[in-house]
Amino acid sequence: ADTDSSSSIYESVPDSAALEKEKVSRFVTIMQGCENFCTYCVVPYVRGRERSRDAAAIVREIEILADQGVAEVTLLGQNVNSYGQKEGTTSFPGLLEMISAISGIKRIRFATSHPKDLSDELIHAVNDLEKVCPHVHLPVQSGSDRILKKMNRGYTTRRYIERVSELRRICGEIAISSDFIAGFPSETMDDFQKSLDLVREIEFDSIFAFSYSDRPNAPASKFSGHIDEQEKLDRLNALLKLQEYYTEKSNARLCGMTRQVLVEGKSSKTSLSEKGEPGRVQMTGRTGTNKIVHFYSEDTAVQGRIVEVGIEKAFPHSLWGSVKEFAYDEK
Ligand code: SF4
């Protein structure tokens, strides 16, 4: 994937093809390029400077999707928080408000937010706009200020922790996910421990972690102190293993609660209905906090609707529940 220039390989911006088959949820690109120049990344060189799409064009595109029955959109950009800033037109919170007004759209998600640009205005928009899901993906990349500086990320861990605290203070229940790079050039065991410490301190709902690898011509490829491959993998695995505990913990917290779930479709997992319970189909959907929930439905007609699900069991990567009632019945 050395030639992949469409996005940063270290940021888990989802692949827009992944959900295309689903009619419920779609990705919408709202901006291209990036000018943050993180030292491990080539996006600013290959994709050029940041450009935001016209807000009216985005709204028109989403209106068409809504007419086709799409209920959820995920707005994509390398740094959605700075949407419209250069153009001096609509701000990102302003765009969220415009999209919220589109009938038929029930949920709005976005990725990726750069921690340095997470404004109070956006935090309030996430809280105030009912359709905007309580989930922020905020890639931190490292828990060591020394490494963050070498990465040219533009924030300290203290600032990052402060932003997460503010998100939680204003929004209450909100999922926080993140990205980490293990084994950035010159990362010492002490630096790496600080990444583990940050995982413990924040208690993320989920993380994506990558072991560092050179991108041709990215400044970091010329940095000294490259880490041994095996060591990078060991650090990556240690991060993922630690996070598993917190992912399970955040899932377990929902047991006994009722949450609104947007139904995405039939569950791909083997359903009990195949073992002799005709008429009951196992469906899958997500909470606003982006947790996968499986449940039975009498039919598949609930696809694209939001239902109230009582959460009964928590697993490491999903939840199980039963439908209580329809939260919304309108299109
Ligand atoms: Fe790359 Fe950094 Fe821009 Fe993300 S914010 S695309 S990692 S330069």
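The values are calculated or read from the model by the stated rules, or taken from the named source; none is laboratory data. Keep in mind it's a predicted model, so treat the numbers as computed, not measured. No Cβ is skipped: glycine too gets one built from the backbone with ideal geometry, and neighbour counts run over all protein chains shown. With ligands, DNA and RNA removed, areas are computed over all heavy atoms of the protein, side chains included. Shrake-Rupley method; radii C 1.70, N 1.55, O 1.52, S 1.80 Å.
Considering only segment 107-145, how many residues are within 15 Å of the chain's Cα centre (by Cα) and within 14 Å of the ligand (Cβ to nearest atom)?
So the answer is 11.
Taking SER12 as meeting all but one of (1) modelled with pLDDT of 60 or more; (2) of a type outside the set (A, V, I, L, M, F, W, C); (3) surrounded by 19 or more Cβ atoms within 10 Å (Cβ to Cβ), write down the number of the exception.
(1)
Could you tell me which of the residues MET189, MET257 is farther than 30 Å from ASN127 by Cα and open to solvent by 40 Å² or more (accessible area, probe 1.4 Å)?
Among MET189, MET257, only MET189 is farther than 30 Å from ASN127 by Cα and open to solvent by 40 Å² or more (accessible area, probe 1.4 Å).
Are any of the residues in segment 88-106 within 16 Å of the ligand (Cβ to nearest atom), in contact with a helix residue (DSSP H, G or I) (Cβ under 9 Å, 6 or more places away or on another chain) and in a helix (DSSP H, G or I)?
Yes: segment 88-106 contains one or more residues that are within 16 Å of the ligand (Cβ to nearest atom), in contact with a helix residue (DSSP H, G or I) (Cβ under 9 Å, 6 or more places away or on another chain) and in a helix (DSSP H, G or I).
If you check SER221, SER211, which single one turns out to be in contact with a helix residue (DSSP H, G or I) (Cβ under 7 Å, 6 or more places away or on another chain), under 23 Å from TYR45 (Cβ atoms) and within 16 Å of the ligand (Cβ to nearest atom)?
SER211
Of all residues in segment 39-65, count the ones that are in a loop (DSSP other than H, G, I, E, B), more than 9 Å from the ligand (Cβ to nearest atom) and among the basic types (Lys, Arg). Step through it out loud before you land on a result.
Taking segment 39-65 and keeping what is in a loop (DSSP other than H, G, I, E, B), we get 39-42, 47-50, 53-54.
Add one more test, that the residue is more than 9 Å from the ligand (Cβ to nearest atom), and what stays is 48-49, 53-54.
From the residues that got through so far, the ones that are among the basic types (Lys, Arg) too are 49, 53.
Qualifying residue count, segment 39-65: 2.
Residues that are in contact (Cβ under 8 Å) with a residue 24 or more places away in the chain, among the hydroxyl-bearing types (Ser, Thr, Tyr) and open to solvent by 10 Å² or more (accessible area, probe 1.4 Å): does segment 52-68 have at least one?
yes
Would you check if GLU20 is open to solvent by 60 Å² or more (accessible area, probe 1.4 Å), more than 16 Å from the ligand (Cβ to nearest atom), over 23 Å from VAL302 (Cα atoms) and at pLDDT below 95?
On the way: open to solvent by 60 Å² or more (accessible area, probe 1.4 Å): yes; more than 16 Å from the ligand (Cβ to nearest atom): yes; over 23 Å from VAL302 (Cα atoms): no; at pLDDT below 95: yes.
When the stated conditions are applied, GLU20 does not pass them.
Kindly evaluate THR74 against the criterion of being in contact with a Leu (Cβ under 8 Å, 6 or more places away or on another chain) and either open to solvent by 30 Å² or more (accessible area, probe 1.4 Å) or polar (S, T, N, Q) (or both). Outline the logic, then answer.
Working: in contact with a Leu (Cβ under 8 Å, 6 or more places away or on another chain): no; either open to solvent by 30 Å² or more (accessible area, probe 1.4 Å) or polar (S, T, N, Q) (or both): yes.
Judged against the criteria, THR74 is not a match.
Given the conditions (1) modelled with pLDDT of 95 or more; (2) under 30 Å from SER213 (Cα atoms), which single one is not true for GLU312?
Of everything listed in (1) modelled with pLDDT of 95 or more; (2) under 30 Å from SER213 (Cα atoms), GLU312 misses just condition (2).
Select from segment 192-211 the residues that are buried (at least 23 other Cβ atoms within 10 Å of the Cβ) and either over 30 Å from ASN127 (Cβ atoms) or among the small types (Gly, Ala, Ser) (or both) and list them in ascending order.
Within segment 192-211, PHE192, SER195 meet the criteria.
Please work out which residue is farthest from the ligand (Cβ to nearest atom), limiting yourself to segment 23-38 and to residues that are touching a Gly at 6+ places or on another chain (Cβ under 8 Å) and assigned to a loop (DSSP other than H, G, I, E, B). Break it down stepwise before answering.
Start the filter on segment 23-38 by keeping residues that are touching a Gly at 6+ places or on another chain (Cβ under 8 Å), which leaves 23-24, 29-33, 36.
Subsequent filtering for residues that are assigned to a loop (DSSP other than H, G, I, E, B) retains 23-24, 30, 33, 36.
Values: LYS23: 30, VAL24: 28, ILE30: 14, GLY33: 9, ASN36: 4 Å.
The extreme case among them is LYS23.
So which residues in segment 146-177 are out of contact with any Leu (no Cβ under 8 Å at 6 or more places or on another chain) and within 16 Å of the ligand (Cβ to nearest atom), if there are any at all?
ILE147, LEU148, LYS149, LYS150, MET151, ASN152, ARG153, GLY154, ARG159
Residue check: is SER178 open to solvent by 40 Å² or more (accessible area, probe 1.4 Å) and either in a loop (DSSP other than H, G, I, E, B) or modelled with pLDDT of 95 or more (or both)?
no
Which of the residues belonging to segment 66-76 are over 12 Å from the mean Cα position of the chain (by Cα) and either within 16 Å of the ligand (Cβ to nearest atom) or not in a strand (DSSP E or B) (or both)?
Those that are over 12 Å from the mean Cα position of the chain (by Cα) and either within 16 Å of the ligand (Cβ to nearest atom) or not in a strand (DSSP E or B) (or both): ALA66, ASP67, GLN68, GLY69, VAL70, ALA71.
For segment 222-250, give me each residue that is open to solvent by 30 Å² or more (accessible area, probe 1.4 Å), outside any loop (DSSP other than H, G, I, E, B) and of a type in the set (Gly, Ala, Ser).
The one that is open to solvent by 30 Å² or more (accessible area, probe 1.4 Å), outside any loop (DSSP other than H, G, I, E, B) and of a type in the set (Gly, Ala, Ser): ALA238.
Can you find, within segment 157-172, the residue that is least open to solvent (accessible area, probe 1.4 Å) among those that are more than 19 Å from ASN79 (Cα to Cα) and either in contact with a strand residue (DSSP E or B) (Cβ under 7 Å, 6 or more places away or on another chain) or of a type in the set (Gly, Ala, Ser) (or both)?
This residue is GLY172.
Please go through segment 107-156 and pick out each residue that is out of contact with any strand residue (DSSP E or B) (no Cβ under 8 Å at 6 or more places or on another chain), closer than 16 Å to GLU173 by Cβ and in a loop (DSSP other than H, G, I, E, B).
GLU130
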